[in-house]
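The structure appears right after this line, and notes come after that.
The values are calculated or read from the model by the stated rules, or taken from the named source; none is laboratory data. Predicted, not measured: the structure shown is a model, and the values here were computed from it. Cβ placement follows ideal geometry from the backbone for every residue including glycine, while neighbour counts extend to all protein chains displayed.
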Amino acid sequence: MELMRSTGTIVHPTSFPSDYGIGDLGPGAQRFIDFLSSSNQSVWQLLPLGPTGYGDSPYASYSAFAGNHYLISPDILVEKGLVTSKEVEKGKLPQSTRTEYNKAYAFKYELFLKAADRFYKDATEDDKKNFEAFVEENSYWLDDYAFFMALLYKHEKQPWNTWEKGLATRDKTTLKKYRKKLQKEINLHYWLQFEFYNQWMALKAYANEQDISVVGDIPIFVDHNSADVWAHPEYFEVDEAGNRQLVSGVPPDYFSETGQLWGNPQYKWKRLEKDGYAWWLERFRQMFHLFDYIRVDHFRGFDAYWEVKATEKTAIKGRWVKGPGPKLFHKIKEELGDLPIIAEDLGVITESVVALRDGFGFPGMKILQFAFSDNSANSFLPHNYTTNHCIVYTGTHDNDTTIGWYKSAPEVEQHRCREYLQSSGDEINWDMIRAAMMSVAKYAIFPLQDLMNLDAEHRMNFPGTTENNWQWRYTDEMLAQVDQNRIRHLIELTNRDPRVQNADANITEIEAEEAD
């Protein structure tokens, strides 16, 4: 995957300003794209877009394929005539720096019921054709997902292995009975995905029109309480009743002394290989359609993964098990062509993980907040980057903001950081941003919080915890106060504007032709 020197920002759509308690794909998203363009940035990176379950984590989704319908913009629905201004007025909330999930979900669900009903009653012939085409093109996952969600809501979102036996084991007679009984609810989820995809692809096109590449995120594991595990239990480590047998996690690390017990069911890789990795092929096919590049979360798990018995309370008592390795990516490349993949290669990285990453030319990640924990040989320090084929970050969604990290870091790390950056520490976020942009790394990407000079109060996620995460938002006023002149100056200084690079390349080519 070839990259041009670029700069970008990480922020998830739930963090966008809106009037409805949660960020969405409407006007606030477009204003963010305008901000990237006007500050000469060319990359937007976001978190997984799937419908979230318990804890509202983008990494715990009801589907590996579906979009989060709560990101659908009511304002766009008004423009389409599916709801009225008066109807959306009821759900308006003051802009704040915290997502109000419960209020947003309650209001939007009722609004979506009205919009879906009007769509099915009043859709134009073109709308009907587009809808039917969408349903057919996505039938691999959409039919099971819509049915699963209808059942999930009927069972108050309780895990599918607690439903009546016929539903949990997918007995044909039982499924037929419920499919007929819940047809209206099933139709709602067909429409929700149709509308989500329309709004998302319009937003992506808006970004691409301004020469902004969109980097998505694909979690390696899926949630147990998901349409994927319910519809394809043969691919996951669950018993006949659907109970988890072997689950995912990581051993003790930087973030946790007891490791992280994620609890996602492990894959049955031999069965997946026997079926030609069909499920993974469909998943990557869709991701390459939705995004320009994708960050593969926990990439090292494809080489070897930490397997824990489902009965364990922590991730300490686990073991490393060999993953599919290059066989999976060879198959994906054979079927789908070039792989625009960024490898999240953090954590315990072995020579075989490096070989898997480099064998396919996937750029890895460098995190500056990890660079000052020991001596000058630390691989996250910019002078130790052995290749420019990597992405440098001050931090990610799993880290504190840079100001928050610096204030809470041990004095020895603060000292190393100040000395390395020749910094007083007063603007540590900008000093870190400058160091990242001066590095050889092709992409330099920063959490929006760092561009906004925000402290630990504005952190997005605390790994290993389940409460008070994924709630951060910003207001329009906060975005307006970002120093765009400073960003533009650093981009120009470090040659990170692909538009300029392309223009220079064209001029050189013309001059060469004239010389001939």
*Could you please let me know if I342 is more than 13 Å from V250 (Cβ to Cβ) and part of a strand (DSSP E or B)?*
yes
*Out of all the residues in segment 133-157, which are of a type outside the set (A, V, I, L, M) and free of Cβ contacts under 8 Å to residues at least 12 places away in the same chain?*
E136, E137, S139, D143, H155, E156
*What do you reckon, is L346 buried (at least 17 other Cβ atoms within 10 Å of the Cβ) and modelled with pLDDT under 95?*
yes
*Looking at R271, is it without any contact (Cβ under 8 Å) to a residue 60 or more places away in the chain, surrounded by fewer than 17 Cβ atoms within 10 Å (Cβ to Cβ), touching a Leu at 6+ places or on another chain (Cβ under 7 Å) and within 25 Å of L336 (Cβ to Cβ)?*
no
*Only one of these is at pLDDT 95 or above, buried (at least 16 other Cβ atoms within 10 Å of the Cβ), under 18 Å from the mean Cα position of the chain (by Cα) and among the basic types (K, R): R283, R244. Name it.*
R283
*segment 352-382: number of residues that are farther than 23 Å from K327 by Cα and in a loop (DSSP other than H, G, I, E, B)*: 11
*asked:* Give me the residue from segment 318-343 that is more than 22 Å from P48 (Cβ to Cβ) and buried (at least 16 other Cβ atoms within 10 Å of the Cβ) and, out of that set, farthest from the chain's Cα centre (by Cα).
replied: G318
_Cβ contacts < 7 Å: first residue within 14 Å of W269 (Cβ to Cβ) and hydroxyl-bearing (S, T, Y), restricted to segment 230-249; second residue modelled with pLDDT of 95 or more and outside any strand (DSSP E or B), any location; separation 6+ or different chain. Result?_
Y235/K268; Y235/R271; Y235/L272; Y235/W279; S248/F221; S248/Q266
*All but one of (1) buried (at least 16 other Cβ atoms within 10 Å of the Cβ); (2) touching a helix residue (DSSP H, G or I) at 6+ places or on another chain (Cβ under 7 Å); (3) more than 20 Å from L71 (Cα to Cα); (4) not basic (K, R) hold for D143; which doesn't?*
(2)
*Members of segment 69-105 that are within 27 Å of W472 (Cβ to Cβ) and assigned to a loop (DSSP other than H, G, I, E, B)*: I72, S73, K90, G91, K92, L93, P94, Q95, S96, T97, T99, E100
*asked:* Can you report the number of residues in segment 296-314 which are more than 24 Å from P48 (Cα to Cα) and either surrounded by 21 or more Cβ atoms within 10 Å (Cβ to Cβ) or in contact with a helix residue (DSSP H, G or I) (Cβ under 8 Å, 6 or more places away or on another chain) (or both)?
replied: 1
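To keep it simple, each residue is scored yes or no on (1) touching a His at 6+ places or on another chain (Cβ under 6 Å); (2) touching a residue at least 40 places away in the same chain (Cβ under 8 Å); (3) surrounded by fewer than 23 Cβ atoms within 10 Å (Cβ to Cβ); (4) at positive phi.
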residue	(1), (2), (3), (4)
T7	no, yes, no, no
P17	no, yes, yes, no
G23	no, yes, no, no
L77	no, yes, no, no
T84	no, no, yes, no
_I'd like the full set of residues that are among the β-branched types (V, I, T) and surrounded by fewer than 22 Cβ atoms within 10 Å (Cβ to Cβ), limited to segment 25-44._
I33
*Test L356 against the stated conditions and say whether it is crowded, with 18+ Cβ neighbours inside 10 Å, within 24 Å of the chain's Cα centre (by Cα), modelled with pLDDT of 95 or more and aliphatic (A, V, I, L, M).*
yes
_Filter pass, L454 being surrounded by 14 or more Cβ atoms within 10 Å (Cβ to Cβ), more than 24 Å from the chain's Cα centre (by Cα), modelled with pLDDT of 95 or more and within 28 Å of T97 (Cα to Cα)_ = no
_Among the residues in segment 164-174, are any in a helix (DSSP H, G or I) and more than 23 Å from N225 (Cα to Cα)?_
no
_Residues (surrounded by 19 or more Cβ atoms within 10 Å (Cβ to Cβ) and either part of a strand (DSSP E or B) or in contact with a helix residue (DSSP H, G or I) (Cβ under 8 Å, 6 or more places away or on another chain) (or both)) located in segment 406-419_ = Y406, C417
